[in-house]
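Shown next, in structure tokens, is the structure this report addresses.
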Amino acid sequence: MSEFDFDLFVIGAGSGGVRAARIASGYGARVAIAEEYRVGGTCVIRGCVPKKLLVYASRYADEFEDAAGFGWTVGETSFDWPSLVAAKNRELTRLEAAYGSTLANAEVDLIPERATLEGPHTVRLAKSGRTFTAGKILIATGSTPSLGPQIEGLEQVITSNEAFDLPRLPKSIIVAGGGYIALEFAGIFAGLGVDTTIVYRGDKVLRGFDEDLRDRVTAAYETRGIRFSFGAIFERIEKTPDGLVGHLSNGKSLAAEQIMFAIGRTPNTAGLGLDKIGVELGWNGHVVVNEYSKSSVDSIFAVGDVTDRAALTPVAIREGHAFADTEFGGNPRIIEHTLIPTAVFSTPEAASVGLPEHLAAERCGKLDVYKASFRPMKATLSGRDERMFMKLLVDGESDKVVGCHMVGEGAAEVIQMAAIALRLGATKADFDNTMALHPTAAEEFVTMREKWIAPTEAAC
């Protein structure tokens, strides 16, 4: 008889926690998982899934407009925000039930309460006051939107959490931030007819991405009427009879019905009791873990956004699975946090795998750059002012492709498959020897032949 109530207790029923619980139970472990909100976590309930549904909705305006170029006559159209929100919520309810069924089928005890740590092997449930012991405890509580420093009027702003369920669509919005979430929501709102402005402290959005990708997304957004205010942050937010006025650090003031902050996310570790039992926390409150997801306390582990690794759903799932394999399956596994494909579901879409050019230039003794920019076939009849962009970065010494970047319709789908090629160590010759699938946009990746020469180099 075990000295513990459970072999594994998971705090947080998001993507990483659910995967870890299910796999550990499959190995014969007695597992419980506690969730204080809704099963499915950030991705399913208030992140990737509902966001992508809203992205789809925002793109229909383009489809209606483009149809005329293909012979269609489209009558008067209108959009109803409450109907979209209701449809989105029905799908989330279905997914939450599916996650619950998955846990039940795996014989994992689901506890709908907040759990905190009382000791290295003990958790307490906040509502009922019950305590449980476990041989191992996994922290999978994810992250939450950050609001940054306290400023006057901060209580007036919304985050991505609230954006999904606004009672009505605002006529105008200012989005603070320059990362994935800010760009995606700005695209959603603009696509639904909202007057949209992005305020960002830096000089370019999408920090860390390839420079060409950053520039082309910005230019495409400007073409769509989205305005940018760079090099500024909010210092004060004033409520007026007509909405809100944001006073910026550059002396400007911007008015809108709604202001949304998407300036980053903070790991959900506050109040869990981690510090009381000696779990080391990092610079932003994240759980510091080793390559096997173990914290500074032997019985405490963490996966997903609550750690300081890649904050992406598939990464959390892989980490949770590897944790279960290692601790309960007798198969120690380490997840490589390299060559992770990533996408920004902006309109147009942007996606990448591998190194951006500035890092590739540092790591490759000789770097060959290939670029293609062209008008997609669909735009030739629709008349839309739109271009696609593709870029390959190649180690000139080994011929190995080290970076693949794309802006345009279907970018995420294309880059997912390109990620397989890069993972296998494909060379530029491998790309060249691959037969093109015509007519597609993706064929450009296997037909690029001319190396790109920077204007300054060409002039020399």
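Comparison of LEU393, LEU359 shows that the only residue that is touching a helix residue (DSSP H, G or I) at 6+ places or on another chain (Cβ under 9 Å) and not assigned by TED's automatic domain parsing to the domain that holds GLY26 is LEU393.
Residues in region 113-135 that are surrounded by 15 or more Cβ atoms within 10 Å (Cβ to Cβ), out of contact with any Leu (no Cβ under 8 Å at 6 or more places or on another chain) and either in a loop (DSSP other than H, G, I, E, B) or small (Gly, Ala, Ser) (or both): GLY119, PRO120, HIS121. Across region 276-287, the qualifying residues are those that are farther than 20 Å from ARG309 by Cα and of a type outside the set (Gly, Ala, Ser), and the one among them that is surrounded by the most Cβ atoms within 10 Å (Cβ to Cβ) is ILE277. Considering (1) assigned to a loop (DSSP other than H, G, I, E, B); (2) within 30 Å of VAL74 (Cα to Cα); (3) not acidic (Asp, Glu), the lone condition that GLY425 does not fulfil carries the number (2). For SER2, the requirement of being over 17 Å from ASP305 (Cα atoms) and either surrounded by fewer than 13 Cβ atoms within 10 Å (Cβ to Cβ) or in the same structural domain as LEU166 (by TED's automatic domain parsing) (or both) is met. Checking each residue in region 24-41 for being closer than 17 Å to PHE301 by Cα and surrounded by fewer than 23 Cβ atoms within 10 Å (Cβ to Cβ) picks out ALA29, ARG30, ALA32. Taking each residue of region 356-372 that is under 11 Å from LYS400 (Cβ atoms) and looking for partners that are among the aromatic types (Phe, Trp, Tyr) and not in a helix (DSSP H, G or I) with beta-carbon atoms closer than 9 Å, six or more apart or interchain, yields ASP368/TRP452.
Hey, among ALA126, ALA115, ALA163, ALA140, which residue is more than 23 Å from HIS321 (Cα to Cα), assigned by TED's automatic domain parsing to the domain that holds VAL39 and touching a residue at least 60 places away in the same chain (Cβ under 8 Å)? Only one candidate qualifies: ALA126. In region 224-262, the qualifying residues are those that are surrounded by 15 or more Cβ atoms within 10 Å (Cβ to Cβ) and not in a strand (DSSP E or B), and the one that is farthest from the chain's Cα centre (by Cα) is GLU257. I'd like to check something: does region 59-77 contain any residue that is in contact with a Leu (Cβ under 6 Å, 6 or more places away or on another chain) and not charged (D, E, K, R)? Within region 59-77, one or more residues are in contact with a Leu (Cβ under 6 Å, 6 or more places away or on another chain) and not charged (D, E, K, R).
Take the conditions (1) touching a residue at least 60 places away in the same chain (Cβ under 8 Å); (2) in the same structural domain as VAL402 (by TED's automatic domain parsing); PHE323 misses just one of them, which is (2). Exactly one residue among LEU147, LEU138, LEU169 is hydrophobic (A, V, I, L, M, F, W, C), under 30 Å from ALA34 (Cα atoms) and in a loop (DSSP other than H, G, I, E, B), and that residue is LEU147.
Considering region 346-371, the residues that are over 26 Å from the mean Cα position of the chain (by Cα) and assigned to a loop (DSSP other than H, G, I, E, B) include one that is farthest from GLY225 (Cα to Cα), namely GLY365.
Return the total of residues in region 372-408 being assigned to a strand (DSSP E or B) and buried (at least 16 other Cβ atoms within 10 Å of the Cβ).
Counting residues in region 372-408 that are assigned to a strand (DSSP E or B) and buried (at least 16 other Cβ atoms within 10 Å of the Cβ) gives 17.
For GLU96, are the conditions met, namely being within 28 Å of the chain's Cα centre (by Cα), over 28 Å from ILE237 (Cβ atoms) and part of a loop (DSSP other than H, G, I, E, B)? Taking the combined requirement at face value, the residue does not satisfy it. Does PHE79 satisfy the condition of being more than 25 Å from the chain's Cα centre (by Cα), part of a loop (DSSP other than H, G, I, E, B), in contact (Cβ under 8 Å) with a residue 40 or more places away in the chain and surrounded by 14 or more Cβ atoms within 10 Å (Cβ to Cβ)? Criteria met by PHE79. If you go through region 41-59 and keep only what is in contact with a Ser or Thr (Cβ under 8 Å, 6 or more places away or on another chain) and free of Cβ contacts under 8 Å to residues at least 60 places away in the same chain, you end up with just VAL44.
Only one of the numbered conditions (1) assigned to a loop (DSSP other than H, G, I, E, B); (2) of a type outside the set (A, V, I, L, M, F, W, C); (3) surrounded by fewer than 20 Cβ atoms within 10 Å (Cβ to Cβ); (4) under 15 Å from the mean Cα position of the chain (by Cα) is not met by ASN290, and that is (4).
Checking TYR200, TYR221 one by one, the residue that is farther than 30 Å from ILE277 by Cα, among the aromatic types (Phe, Trp, Tyr), in contact with a Phe, Trp or Tyr (Cβ under 6 Å, 6 or more places away or on another chain) and surrounded by 20 or more Cβ atoms within 10 Å (Cβ to Cβ) is TYR200 and no other.
The values are calculated or read from the model by the stated rules, or taken from the named source; none is laboratory data. Please read all numbers here as calculations on a predicted model, not as lab measurements. Here the Cβ is made from the backbone with ideal geometry for all residues, glycine too, and neighbour counts use every protein chain on show.
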